[in-house]
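A.B. asks: Before I ask anything, here is the structure I am working with.
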Amino acid sequence: MPLRNSPYLPVLLAGISMIAPFAIDTYLPAFHTMARVLDATPVQMQQTLSAYLAAFGGMLLFHGALSDAFGRRPVILTSLAVFTLASAACMFVSSIHALIVLRVLQGCTGGAGVVVGRAIIRDLHEGPQAQRMMSQVTMWFSLAPAVAPVIGGYLLHHLGWHAIFGFMALSGLLLLLLCQRHLPETLPPEERQLFEARPLLHAYAEVLGDPRFLLLSLTLAANFAAFFLYIASAPAFVGDLLHQDETRYAWLFLPGIAGISLGAWLSGRVAGHWSRARTIQAGFALTCGSALLNLVGNAWHAPALPWAVLPIMSYTTGMALVMPSVTLILLDFFPHNRGMAASLQNCMATLLNAFLAGVVSPLLSVSGLGLAGGMAGFSAAGLVCWLAYWHHPQRLRTVTTPC
């Protein structure tokens, strides 16, 4: 039975969104082991992450448009099926090149839940209800990056790295069965858009040509990149800088995700009482203050527990305050192409993260100060983009009223 009005719908939407971070984070503790078994260099192992993110970001251009044309359910169900098969195939690879190819296939399908889930929320709700549901999904979704590397570390320790991809496959299969039975179709046939080259290109051009969309998308991308830098650098940060083994990734991920959960909870609590602008301003006060504190701390002494991870927790609290409100503002600009707008926004963020994982992380993860400087830079970039939007003459004026 569909869960259209069920309190469990946010949990299901969070579940399909969690596929993407599970595919990123679960196998991070196995980098060194897999490199040895597959006779791969550290750079090649890092490329398995970059290949996933590049494919993830490229396909995000189409998940939303496909769901706008054919409905939300078919896109989710097809993507989950392919992701499950690709994850199962990863268990049997014997070369790094085969793994990279399968990671590309995972990336092409792993992002459907992130994009289409947001479109489903906006299909069903608006105003405070939409912000509350978005916050609930964010709070549940935030569990994935926290538990994924911990699960990966224990699977690696007790069953070997193959079990990590078996876990991904089983997770995908479970979600496929749940969505087949319970996920509602929220886009009526009469509201669907044509999936044809000319109107599609026209719609892409319209969305990308709007400076407000670009500013808000870059706000979200830079804001998350400051935290994702630590996720992409987790093997170096946890192993080389904090001197912890593969079962101790919780030292990085649990504080960070606890902050996201707290920020998402606060965002839901203030919905209807604070304006979106006030919520976003409070979030940026936390992110920028935390990034500055992290930078000063790392300039003063080498990374050590627990002080090295506390600024990450407060940063993600502010990040989670910013994200739901900015996302809803962005989607409100394009009521007839919400799926496409969500796709393009996520594509920009993911391509930035792919560049960050493949280029920026290897350069900065050699020291705590380098990572702290990267966090501060991305945090400042997010704030600059938000301020540029705020002073745009055609921004949404309703953003200053309680919603």
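Since every read-out is calculated from the coordinates, none of them should be taken as a lab result. Since we're looking at a predicted model, the values are computed, not measured. FYI the Cβ positions are ideal-geometry reconstructions off the backbone, even for glycines, and counts take in every protein chain you see.
A.B. asks: Exposure proxy check: THR287, THR84, THR279, THR78 ranked by fewest other beta carbons within 10 Å?
C.D. replies: Details: THR287 29, THR84 22, THR279 25, THR78 15.
Going from sparsest to densest Cβ surroundings: THR78, THR84, THR279, THR287.
A.B. asks: Please arrange TRP300, TRP161, TRP386 by how many other C-beta atoms lie within 10 Å of their C-beta, fewest to most. Walk me through the numbers before you get to the answer.
C.D. replies: Working: TRP300 9, TRP161 20, TRP386 24.
Taking fewest neighbouring Cβ atoms as first place, the list is TRP300, TRP161, TRP386.
A.B. asks: Taking the Cα centre of the chain as origin and charging only Cβ (+1 Lys, Arg; -1 Asp, Glu), how large is the dipole, in debye to the nearest 20?
C.D. replies: Working: 19 positive and 15 negative charges, 127 e Å.
Roughly 620 debye, rounded to the nearest 20.
A.B. asks: With r as the distance between the Cβ atoms of TYR154 and GLU190 and R0 = 51 Å, compute the FRET efficiency 1/(1 + (r/R0)^6) and round to 0.05.
C.D. replies: Working: r = 49 Å, r/R0 = 0.97.
For R0 = 51 Å, the calculated efficiency reads 0.55.
A.B. asks: Looking at ALA205, ILE329, PHE195, which one has the Cα that reaches farthest to the positive end of the dipole of the chain (charges on Cβ: Lys, Arg +1; Asp, Glu -1)?
C.D. replies: Projecting each Cα onto the dipole axis, the largest value belongs to ILE329.
A.B. asks: Still on this structure: With a 10 Å Cβ neighbour count serving as the proxy for reagent exposure, in which order, fewest first, do GLU191, GLU185 appear?
C.D. replies: GLU191, GLU185
A.B. asks: Of the listed peptides 16-22, 102-108, 235-241, 208-214, what is their order by residue-averaged count of other C-beta atoms within 10 Å, with the highest listed first? If you can, show how the numbers build up before the last one.
C.D. replies: On the way: 16-22: 25.1, 102-108: 23.6, 235-241: 20.4, 208-214: 15.3.
Top of the packing list down: 16-22, 102-108, 235-241, 208-214.
A.B. asks: Here is a further query. I want to check the label-to-label distance for ALA197 and ALA302. Put each point 7 Å from Cα in the C-beta direction and report it in nm to one decimal.
C.D. replies: 5.9 nm
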